[in-house]
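> Got a structure for you, written out below as structure tokens; questions coming shortly.
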2 protein chains.
Amino acid sequence: MTHALGTVAGAPAPATAIRETRLPNGLRVVTDPMDTVETVSVGVWADVGARHEPADLNGVCHMLEHMAFKGTRRRTALDIAVEMEDVGGHMNAYTSREHTAFYAKMLHQDLPLAVDILADILQHSVFDPEELARERSVVVQEIYQSIDTPDDIVFDHFQATAYGDQPLGRPVLGTVESVERLESDTVGGFQRTHYSPDRLVVAAAGKVDHDALVGLVERHFTALDRRLPATGQGARYTGGEYREPRAVEQAHIVLGFDGVAYEDPDYYASIVLATLLGGGMSSRLFQEVREKRGLAYTVSAFASAYVDGGLFTLYAGTGPEDLAALTPVLCEEINKVRVSVGSDEVARARAQLRAGVLMGQESTSGRCEQLARQILVYGRPISNAEVLEALEAVDAAAVVRVAERLFRTAPTLAALGAIDAMDPLDRLRARL
Amino acid sequence: MTHALGTVAGAPAPATAIRETRLPNGLRVVTDPMDTVETVSVGVWADVGARHEPADLNGVCHMLEHMAFKGTRRRTALDIAVEMEDVGGHMNAYTSREHTAFYAKMLHQDLPLAVDILADILQHSVFDPEELARERSVVVQEIYQSIDTPDDIVFDHFQATAYGDQPLGRPVLGTVESVERLESDTVGGFQRTHYSPDRLVVAAAGKVDHDALVGLVERHFTALDRRLPATGQGARYTGGEYREPRAVEQAHIVLGFDGVAYEDPDYYASIVLATLLGGGMSSRLFQEVREKRGLAYTVSAFASAYVDGGLFTLYAGTGPEDLAALTPVLCEEINKVRVSVGSDEVARARAQLRAGVLMGQESTSGRCEQLARQILVYGRPISNAEVLEALEAVDAAAVVRVAERLFRTAPTLAALGAIDAMDPLDRLRARL
């Protein structure tokens with residue numbers, strides 16, 4: 001079963017040429033060169049996300065991500081869009097609970113332009129009040145769009161229930177009320193306070209020369225002040241229940257438990273557990289819930305990690321008539337996996353994860369993002385060989401141990417939609 | 001502005017080693033080898049989709065796609081999932097209005113296994129009635145999930161309005177009623193009648209040897225009968241209006257026109273038009289609707305082609321308070337682009353599309369799918385050089401000409417959600 005991957009998992013992974021430079025101001029530059037492509041992905045990842053926001057500024061990171069494209073001292077919003085698209089490149093950005101990222105992909109000749117624009121929008125945005133007023137209304141639309149999408153918004157409620165009124169429980173987009181409170185100087189002030197060079201990583205993958213990129217970054221990123229990083233409040237998982245009946249066709253059930261942080265010794269065992277429980281067509285949940293019983297179109301399990309905690313989550317969407325049958329099956333599968341896991345399914349989950357690592361190497365944007373996140377989370381690049389070795393070390397006993405650890409924590413239940421037939425949390429807890 | 005891409009667009013594109021073989025039974029095998037990767041994407045694309053279904057069997061193609069994973073004479077559903085995931089590969093499938101595809105991605109050593117499984121599920125599925133009963137319930141869940149997602153289901157209503165009660169107007173998933181009517185012998189019979197070898201293409205991209213793949217296909221695809229292909233009814237665009245008020249936060253507006261087919265001389269001009277009108281951050285709609293007016297989070301335009309027609313579509317999601325302002329702006333932008341287009345924005349749209357072509361070359365799955373679809377649609381592989389040359393030939397005059405052609409057709413309007421303030425179609429038509 002492992003023959004196909006033996007050479008990869010057994011021997012050291014092919015040497016990569018990842019290089020890292022720390023500039024005097026603390027800004028890190030990392031590159032992962034690939035000589036088989038003509039393009040390069042480059043971006044700035046910031047160790048700044050929704051969990052670093054004060055409650056009354058919830059959504060400010062995400063608004064900052066939007067406003068970075070709305071004009072600098074040298075460029076209008078239109079200039080920013082046009083300059084990149086003129087050369088066929090594209091830029092985008094995202095905000096998560098722990099990070100904010102601004103990135104671009106383009107033909108390699110245009111890397112200097114991309115670095116110039118990234119540096120400009122991160123150092124010299126003007127946060128014009130009229131632009132902000134319009135962008136508030138765009139973000140409010142984005143919030144309502146999320147509210148209208150049951151299998152999207154249910155995860156925000158799940159997060160809020162898992163962490164209660166802590167920063168890690170708040171929505172990345174903010175709320176309509178908090179967004180409407182954001183003013184030009186709060187957004188600009190948040191950037192000045194939080195975007196200090198030691199919380200930023202410039203990463204690139206693809207056709208890129210490390211020294212050339214360092215030179216570009218030194219030339220363009222000159223206006224960042226070094227500040228004490230404001231750390232977010234530590235995460236304390238609470239668990240609990242959220243129910244929102246809504247007149248739609250389906251019920252969306254998110255059932256979660258306290259998970260593990262990136263650097264937890266059980267991290268790799270937890271992702272193997274998530275994979276064999278609900279990661280693919282051969283997984284226990286897919287087979288039991290969808291294939292054997294036809295109870296849901298979507299059913300899955302996944303592990304999300306933060307720097308100081310994590311969530312282990314099961315999700316299913318189903319019709320009201322199947323809902324009563326669904327939750328007992330979810331609980332039964334949880335109880336089964338706590339006591340017994342086969343070495344064949346562990347080997348299969350490891351093979352899937354190993355192949356995912358190797359397939360991820362084929363895309364410049366995937367490699368760029370992975371590298372940047374490793375620097376922010378672990379402080380160093382993690383080689384594929386190291387990841388594959390850690391996966392290889394996960395055996396059935398480790399998976400059972402982590403299942404027992406995770407599933408004895410207090411459950412979090414978020415249920416939204418056609419949920420009249422849904423067991424209350426107490427009844428569900430009694431099954432576990 | 002074009003310097004960065006000059007060498008690519010001006011000179012012939014790098015020679016590719018695409019090879020095509022037609023077996024005696026009519027089955028085509030095409031490969032696009034890449035020597036820089038360790039993986040291969042392989043799949044079977046069938047010239048069979050929802051538009052080939054009789055009305056009372058609407059959804060049968062999609063059900064067939066599901067049932068192909070539910071067991072063959074040699075393999076249970078679990079076997080199919082386990083054998084592929086044991087080696088870290090993954091399989092998936094999709095159905096569209098014109099095509100059905102079954103594909104896998106894996107490390108290159110496991111190609112023989114993937115071809116064996118693909119051949120097995122496409123020739124020897126058993127369509128067990130009990131499995132079908134469960135799968136009907138899974139598909140019904142999938143339909144309800146789509147109904148619950150406003151910015152998904154609005155496009156099904158748009159399609160039904162654009163084509164009325166023709167096959168091309170019907171939903172890919174079918175309806176709850178049509179799906180509940182599907183029986184084991186109708187699904188199996190549909191496969192036997194429609195999956196004739198001359199309507200199938202086996203395509204692979206990545207680390208693959210053409211002759212070796214041909215050998216595998218010859219060995220495994222032995223049970224296909226050659227039949228006269230049942231062609232779908234020709235598409236006749238009608239236009240019209242669909243309104244569905246729903247108690248949600250946002251209104252979803254799809255405004256479309258009769259578009260162009262793949263082989264239409266205006267095809268490339270229509271995609272340049274879609275790109276400059278609503279394809280990126282520098283596009284007219286993004287700038288006018290989102291950046292200048294803050295009227296929507298999502299606004300876009302795109303051209304969809306079929307073998308004998310197409311649709312040109314504008315989409316926006318907005319709140320009820322901005323809805324009255326939104327549709328006049330959409331109409332105004334349509335009217336503007338019919339009379340004047342700048343050569344700079346045409347060059348930018350071409351640069352974006354060119355870069356998209358080149359970036360698409362980096363992924364095995366993207367190259368595999370593109371190649372298979374070219375064989376089905378054009379009967380031959382289309383080189384990048386040919387695509388780039390066709391794009392290069394599109395000038396501002398061609399874009400204005402296609403805009404005038406498209407926007408004088410009868411509009412199709414689908415509006416769903418918080419649409420009380422929405423102009424009726426007549427009023428909207430008066431603005432165009």
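The values are calculated or read from the model by the stated rules, or taken from the named source; none is laboratory data. On a predicted model such as this, the values are computed, not experimentally measured, just so you know. Every residue, glycine among them, receives a Cβ derived from its backbone with ideal geometry; neighbour counts consider all protein chains shown.
> Would it be correct to say that B:Ala372 is away from every other protein chain (no Cβ under 14 Å), closer than 28 Å to B:Asp32 by Cα, surrounded by fewer than 21 Cβ atoms within 10 Å (Cβ to Cβ) and touching a residue at least 24 places away in the same chain (Cβ under 8 Å)?
no
> Please state which of the following conditions B:Leu213 fails to meet, knowing it meets all the rest: (1) farther than 30 Å from B:Asp116 by Cβ; (2) part of a helix (DSSP H, G or I).
If we test B:Leu213 against (1) farther than 30 Å from B:Asp116 by Cβ; (2) part of a helix (DSSP H, G or I), just (1) comes out false.
> Going through region A:75-94 one residue at a time, which ones are over 23 Å from A:Val40 (Cβ atoms) and more than 7 Å from chain B (Cβ to nearest Cβ)? If you could, list the steps in order and put the result at the bottom.
Here is the first cut: in region A:75-94, the residues over 23 Å from A:Val40 (Cβ atoms) are A:76-78.
Scanning region A:75-94 gives a single hit, A:Thr76.
> Which ones in region B:291-318 are more than 8 Å from chain A (Cβ to nearest Cβ), surrounded by fewer than 23 Cβ atoms within 10 Å (Cβ to Cβ) and of a type in the set (S, T, N, Q)?
Listed by number, the residues that qualify are B:Ser300, B:Ser304.
> Now for a separate question. Kindly provide the set of residues from region A:337-382 that are in a helix (DSSP H, G or I), of a type in the set (Gly, Ala, Ser) and farther than 21 Å from B:Glu85 by Cβ, ordered by number.
The first filter runs over region A:337-382 and keeps only residues in a helix (DSSP H, G or I), leaving A:337-339, A:343-360, A:364-378.
Imposing the further condition that a residue be of a type in the set (Gly, Ala, Ser) reduces the set to A:343, A:347, A:349, A:351, A:355-356, A:360, A:365-366, A:372.
A:Ser365, A:Ala372 - these are the residues of region A:337-382 that are in a helix (DSSP H, G or I), of a type in the set (Gly, Ala, Ser) and farther than 21 Å from B:Glu85 by Cβ.
> Are any residues in region A:326-356 buried (at least 16 other Cβ atoms within 10 Å of the Cβ) and away from chain B (no Cβ under 14 Å), and if so, which ones?
Listed by number, the residues that qualify are A:Thr327, A:Leu330, A:Cys331, A:Glu333, A:Ile334, A:Val337, A:Arg338, A:Val341.
> Would you mind stating whether B:Val172 is at pLDDT 95 or above and more than 27 Å from B:Ala324 (Cα to Cα)?
Values: at pLDDT 95 or above: yes; more than 27 Å from B:Ala324 (Cα to Cα): yes.
Considered against the rule, which asks whether it is at pLDDT 95 or above and more than 27 Å from B:Ala324 (Cα to Cα), B:Val172 comes out as yes.
> Just to confirm my filter: which helices (runs of 4 or more DSSP H) fall fully inside region A:99-204 and include at least 1 residues that are over 27 Å from A:Ala303 (Cβ atoms) and within 11 Å of chain B (Cβ to nearest Cβ)?
On the way: elements: A:111-123, A:129-147, A:150-163, A:176-181, A:184-194.
Result: A:111-123, A:129-147, A:176-181.
> Further, regarding this structure: For B:Met63, indicate whether it is more than 10 Å from chain A (Cβ to nearest Cβ) and buried (at least 24 other Cβ atoms within 10 Å of the Cβ).
Numbers: more than 10 Å from chain A (Cβ to nearest Cβ): yes; buried (at least 24 other Cβ atoms within 10 Å of the Cβ): yes.
Yes, satisfied.
> Also, I was wondering about something else. Only one of (1) out of contact with any helix residue (DSSP H, G or I) (no Cβ under 9 Å at 6 or more places or on another chain); (2) surrounded by fewer than 22 Cβ atoms within 10 Å (Cβ to Cβ) fails for B:Leu323. Which number is that?
(2)
> Filter region B:92-142 down to the residues that are more than 21 Å from A:Arg290 (Cβ to Cβ), small (Gly, Ala, Ser) and out of contact with any strand residue (DSSP E or B) (no Cβ under 9 Å at 6 or more places or on another chain) and list them by number.
B:Ser96
> Another one. Output the number of the condition that B:Leu323 fails; it satisfies all remaining conditions of (1) within 14 Å of another protein chain (Cβ to nearest Cβ); (2) within 19 Å of B:Met281 (Cα to Cα); (3) in contact with a strand residue (DSSP E or B) (Cβ under 6 Å, 6 or more places away or on another chain).
(2)
> Could you say whether any residue in region A:267-278 is away from chain B (no Cβ under 14 Å), of a type in the set (Phe, Trp, Tyr) and either surrounded by 19 or more Cβ atoms within 10 Å (Cβ to Cβ) or under 30 Å from A:Ile375 (Cα atoms) (or both)?
Within region A:267-278, one or more residues are away from chain B (no Cβ under 14 Å), of a type in the set (Phe, Trp, Tyr) and either surrounded by 19 or more Cβ atoms within 10 Å (Cβ to Cβ) or under 30 Å from A:Ile375 (Cα atoms) (or both).
> Can you spot a residue in region A:255-263 that is out of contact with any Ser or Thr (no Cβ under 8 Å at 6 or more places or on another chain), surrounded by 22 or more Cβ atoms within 10 Å (Cβ to Cβ), of a type outside the set (D, E, K, R) and touching a residue at least 12 places away in the same chain (Cβ under 8 Å)?
Quick first cut of region A:255-263, residues out of contact with any Ser or Thr (no Cβ under 8 Å at 6 or more places or on another chain) only: A:261-263.
Subsequent filtering for residues that are surrounded by 22 or more Cβ atoms within 10 Å (Cβ to Cβ) retains none.
No; the residues of region A:255-263 include none that is out of contact with any Ser or Thr (no Cβ under 8 Å at 6 or more places or on another chain), surrounded by 22 or more Cβ atoms within 10 Å (Cβ to Cβ), of a type outside the set (D, E, K, R) and touching a residue at least 12 places away in the same chain (Cβ under 8 Å).
> Residue check: is A:Asn58 of a type outside the set (D, E, K, R), surrounded by fewer than 24 Cβ atoms within 10 Å (Cβ to Cβ) and under 28 Å from A:Val176 (Cβ atoms)? Working first, answer last.
Details: of a type outside the set (D, E, K, R): yes; surrounded by fewer than 24 Cβ atoms within 10 Å (Cβ to Cβ): yes; under 28 Å from A:Val176 (Cβ atoms): yes.
So A:Asn58 fits the description; yes.
> The conditions are (1) over 23 Å from the mean Cα position of the chain (by Cα); (2) within 22 Å of A:Leu57 (Cβ to Cβ); (3) modelled with pLDDT of 95 or more, and A:Leu200 fails exactly one of them. Which is it?
(1)
> Would you please name the residue that is nearest to B:Arg338 (Cα to Cα), looking only at residues in region B:386-426 that are in a strand (DSSP E or B) and among the aliphatic types (A, V, I, L, M)? Don't jump to the end; show me each part of the working.
Looking only at region B:386-426, we keep the residues that are in a strand (DSSP E or B), and these are B:412-417.
Those left that are additionally among the aliphatic types (A, V, I, L, M): B:413-416.
Values: B:Leu413: 19, B:Ala414: 22, B:Ala415: 24, B:Leu416: 27 Å.
Checking each candidate, the answer is B:Leu413.
> Pick out the one residue from A:Val202, A:Val176, A:Val172 that is among the β-branched types (Val, Ile, Thr), in the same structural domain as A:Glu98 (by TED's automatic domain parsing) and more than 30 Å from A:Ala415 (Cα to Cα).
Values: A:Val176 fails: more than 30 Å from A:Ala415 (Cα to Cα); A:Val172 fails: more than 30 Å from A:Ala415 (Cα to Cα).
Selected residue: A:Val202, the only one of A:Val202, A:Val176, A:Val172 that is among the β-branched types (Val, Ile, Thr), in the same structural domain as A:Glu98 (by TED's automatic domain parsing) and more than 30 Å from A:Ala415 (Cα to Cα).
> Do we have any residue at all in region A:9-17 that's at pLDDT 90 or above, assigned to a loop (DSSP other than H, G, I, E, B) and either among the hydroxyl-bearing types (Ser, Thr, Tyr) or surrounded by fewer than 22 Cβ atoms within 10 Å (Cβ to Cβ) (or both)?
Going through region A:9-17, the residues at pLDDT 90 or above turn out to be A:17.
Filter again for assigned to a loop (DSSP other than H, G, I, E, B), leaving A:17.
Then keep just the ones that are either among the hydroxyl-bearing types (Ser, Thr, Tyr) or surrounded by fewer than 22 Cβ atoms within 10 Å (Cβ to Cβ) (or both); that gives A:17.
So far as region A:9-17 goes, yes, one or more of its residues are at pLDDT 90 or above, assigned to a loop (DSSP other than H, G, I, E, B) and either among the hydroxyl-bearing types (Ser, Thr, Tyr) or surrounded by fewer than 22 Cβ atoms within 10 Å (Cβ to Cβ) (or both).
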